[in-house]
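Enquirer: What follows is a single structure, and I will ask about it in a moment.
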Amino acid sequence: MGRPLGKGKFGRVYMVRTKAPPNFILALKCLYKSEIIESGVEKQIRREIEIQQNLRHPNILRLYGYFHDSKRIFLMLEFAAKGELYKQLVKKGRFSERRSSRYIAQMADALHYLHGKHVIHRDIKPENLLIGIAGELKIGDFGWSVHAPSNRRTTLCGTLDYLPPEMVEHKPHTAAVDLWALGVLCYEFLSGAPPFEELSGARATHRRIARVDFTVPEHVSAEATDLIKKLLQYTPTARLPLEKVMKHPWIVKYEERNSGPTRPSEA
Ligand code: AMP
């Protein structure tokens, strides 16, 4: 058992190492059964464990397995060496176009994989993303950190910021909710705040989401603005599909083979 990595609503996360060689490093999440039962999220957690255990993608945090005793459930999770993306965003204020583009490409790839398995994430936001050893993004949460400790959104205006119009209007929703959230994420990476944030309260955010009322700051490039606008569409079917997100000029431009010092044509 190693150092604590963090604290969530239902328990703590520790860095651990297996006793037997090759001494594998993991993150062990300990959830208290009593707290899960009190909050009435048993079924949700059971389903989420089942989903996450079957997912294999470089940008989705692996759940290797779980075990339990009378009081707790222990989740054996992939260790995300560079921690929470949210903390880095707060520290930096906002991310560069290159870094944002690389993260959105990785998110699009992971969401494409999820949607292919008929899994809708529904809760994409910086707080649910972790960073791996090579700086790669990992979707780290399939529900339980919805109940994680307070952050600026739960204290200021709930978790409305990433909800699409169809969800704030209580209409049926599809996988296109994740496309909307990808647009919100892209906006937040580049500007440092989500597009519909209203410090005056949830009702005002709700109104702005339903009206798709946002403006992209001037420092954001025309290509990134184009992608954000194509994702933040009121009509779910009008949102740019993931295949097209992955081929968008602003994404292609920063792909390793198209940029950086190791470009063969420049060598
Ligand atoms: P959670 O209960 O999922 O919100 O986790 C609480 C905190 O533990 C997170 O905010 C992270 O800082 C940390 N954490 C959770 N899972 C991992 C992981 N797999 N690798 C590294 N840190 C983690």
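Values in this text are rule-based calculations from the coordinates and carry no lab data. All values derive from a computational prediction rather than experimental measurement. A quick note on method: Cβ atoms are made from the backbone with ideal geometry, for glycine too, and the neighbour counts reach across all protein chains shown.
Enquirer: Please work out the FRET efficiency for the pair ALA210 and GLU243, using the Cβ-Cβ distance as r and a Förster radius of 30 Å; give the result to the nearest 0.05.
Expert: The pair ALA210/GLU243 has a calculated efficiency of 0.60.
Enquirer: A further question on this structure: How large is ³J(HN,Hα), in whole Hz, for each residue of the range 63-69 in order, when computed from phi with the Karplus curve 6.51 cos²θ - 1.76 cosθ + 1.60 and θ = phi - 60°, using x for Gly and Pro?
Expert: Taking θ as phi minus 60°, the curve returns 10, 6, x, 8, 8, 8, 10 Hz for the range 63-69.
Enquirer: In deg cm²/dmol, rounded to 500, what helix-only [θ] at 222 nm does the chain give when every DSSP H run of at least 4 residues adds -39500 (n - 2.57) and the total is split over its residues?
Expert: That comes out to -10500 deg cm²/dmol.
Enquirer: Something else: Taking 18 Å as the cut-off for C-alpha to C-alpha distance, list the pairs among LYS91/LYS125; LYS29/LYS87; LYS19/LYS138; LYS29/LYS117; LYS9/LYS92 that go past it.
Expert: Checking Cα-Cα distances, LYS29/LYS87; LYS19/LYS138; LYS29/LYS117; LYS9/LYS92 exceed 18 Å.
Enquirer: Ordered by residue, what ³J(HN,Hα) values in Hz, to whole numbers, does the range 249-255 give under the Karplus form 6.51 cos²θ - 1.76 cosθ + 1.60, where θ = phi - 60° and Gly and Pro are x?
Expert: With coefficients 6.51, -1.76 and 1.60, one gets x, 5, 7, 4, 3, 9, 5 Hz.
Enquirer: Same structure, new question: Please give the length that would be gained between GLU42 and GLU223 if that part of the chain were fully extended, namely 0.36 nm times their separation in residues minus their C-alpha to C-alpha distance (nm, one decimal).
Expert: The GLU42-GLU223 span can extend by a further 60.8 nm.
Enquirer: Check each of the trypsin sites (Lys or Arg not before Pro) in the range 1-110 and keep only those in coil by DSSP with at most 13 other C-beta atoms within 10 angstrom; list them in order.
Expert: Listed in order of number, the matching sites are LYS19, ARG56, LYS71.
Enquirer: What are the ³J(HN,Hα) couplings of the range 189-196, residue after residue, when phi is run through the Karplus curve with 6.51, -1.76, 1.60 and θ = phi - 60°? Round to Hz, x for glycine and proline.
Expert: 4, 7, 10, x, 9, x, x, 10
Enquirer: If you don't mind, there's one more thing I want to ask. What's the long-distance tail for the range 25-114, i.e. % of Cα pairs beyond 20 Å?
Expert: Beyond 20 Å sits 51 percent of the P(r) for the range 25-114.
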